[in-house]
Amino acid sequence: MDITKSTLPKLRFPEFIEHWEHSKLSKIGEIVSGGTPDTSNKNYWDGDIEWFIPTEIKAKYVCNSKTKLTREGLKKSSAKILPIGTLLFCSRATIGDVAINTKECSTNQGFQSVIVNNENSNEFIYYWILNNTKAFLIRANGSTFLEIGKSEMKKIPILIPPKEEQHKIASFLTSVDDKIQQLTKKKELLEKYKKGVMQKLFSQEIRFKDDGNNYSDWEKKKLKDVCEKISDGIHSTPIYCEGGDYYFINGNNLINGKIVINESTKRVSQSEFEKYFTNLHSKTILLSINGTIGNLATYGNEKVILGKSACYINLNKHANKMFYYFYMQTNLVQRFFRSELTGSTIKNLSLNTIKNTEFNIPVAEEQQKIADFLSSIDYKIFLVNKQFDKIKEFNKGLFQQMFV
């Protein structure tokens, strides 16, 4: 058979020259359905056999399931024992989620698991599935929810290289996955550290010093005492326009300290912007107050008008914006906000509550030290996020080029 572009990936390790062969999933391994024993029979449950449901498939490897079967429960259902290394493939609703079991297990009927044969690499097939979700979706059917059955799974075509090349590809992609996991863990640790140190700083368990001496005692103030104005956005709907340079945002646009504008964000004309623009400035903090509660962002001269689910807090010229921004992230303030919510269906945080929220305030010098310290942690988190986004994009490109 000729080596052609149709049977070779765009990106390949130079030591491999053999063509990739056309095959089907049925030839790659055995496809096994899951099952569920009678949930009302206590003798079938709380045993020692791992039994997974689709919502538990969130990582590359899985080991321990939330629910376990007894030997009797396994016999009284269509569930089967799956050997280590099986690909647990979600075939219902969330079609395409897949994991590799590191311990013998079983699954419910929401799976068509693949026991890969010895001629192929289960890790390679795992990555192939992630790159070919559409091949499964187009063969799925169902009115209530989509599902792909065993017979359709077997028919799915696959172009596959020799096993040695499979291992090389899988090993390379695993190393990229490991880097992504390292960055994810690093971000989680930084965020956990930030959360913990914030609680200690704002409860005064940790204090900064002034040349070895304590700063003066903190003074209790209400937020309105350090603000020019606290109010919400417009309660009407502006006239939208396509291609405008100005945006209409609400509380759900406030994410991780930033005003996030994406393709779904409504645009408005300059005249609408000038009609509704609130006097936001360099000392403004934005807070989500309707539906989603407590999200924060600092204003940075974005061309936006606010909807009613966003509140703007215009601090006075003496207030340290970043100090209050971090303070409002603490559990102490966030819990207070949640305790004061009104509304039955959609929760709302009143402007009066915000204005009268009490803060313990240190002198300006200590405020600045707290703000600088927490900003430095935020910057480290920003750098990790930047690395994470870069390697995710790199990983996406690898998937597109390393598979046919």
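The values are calculated or read from the model by the stated rules, or taken from the named source; none is laboratory data. Source: prediction; values computed, not measured. Quick reminder, even Gly has a Cβ in these numbers, built from the backbone with ideal geometry, and neighbours come from all protein chains shown. Heavy atoms of the whole protein, side chains included, go into the accessibility calculation; ligands, DNA and RNA do not. Shrake-Rupley method; radii C 1.70, N 1.55, O 1.52, S 1.80 Å.
When the stretch 227-369 is described by a simple charge dipole with +1 on each Lys and Arg Cβ and -1 on each Asp and Glu Cβ, the residue from 350, 230, 276 located farthest towards its positive end is 350.
Given a Förster radius of 35 Å and the C-beta distance between residue 12 and residue 265 as r, what FRET efficiency does 1/(1 + (r/R0)^6) yield to the nearest 0.05?
Details: r = 41 Å, r/R0 = 1.17.
According to the calculation, E is roughly 0.30.
Using a simple spin-label model with pseudo-atoms 7 Å out from Cα toward Cβ, residue 363 and residue 200 lie 2.4 nm apart. At a probe radius of 1.4 angstrom, the accessible area of the chain per residue rounds to 54 square angstrom. Each peptide in 159-165, 309-315, 257-263, 246-252 was scored by the mean count of other Cβ atoms within 10 Å over its residues; highest first, the order is 309-315, 246-252, 159-165, 257-263.
In terms of the Cα gyration tensor, with a ≥ b ≥ c the square roots of its eigenvalues, is the stretch 177-283 rounded because a/c is under 1.5, prolate because a/b exceeds b/c, or oblate? Oblate. The stretch between residue 117 and residue 216 holds 28.5 nm of extra length on full extension. This uses 0.36 nm per residue minus the Cα-Cα distance.
Would you mind pulling out the separation of the Cα centroids of the stretch 128-194 and the stretch 295-350, in Å? The stretch 128-194 and the stretch 295-350 have Cα centres separated by 39 Å.
Placing +1 on each Lys and Arg Cβ and -1 on each Asp and Glu Cβ, with no other charges, gives the chain a dipole about its Cα centre of roughly 460 debye.
Extension gain for residue 154-residue 392 works out to 82.6 nm (0.36 nm per residue, less the C-alpha to C-alpha distance). Rounded to the nearest 20, the size of the Cβ-charge dipole of the stretch 1-110 about its Cα centre is 220 debye, with Lys and Arg at +1 and Asp and Glu at -1.
Simple rule: put +1 on each Lys or Arg Cβ and -1 on each Asp or Glu Cβ in the stretch 218-342, find the dipole, and look at 257, 246, 322; the Cα lying farthest toward the positive end is 322.
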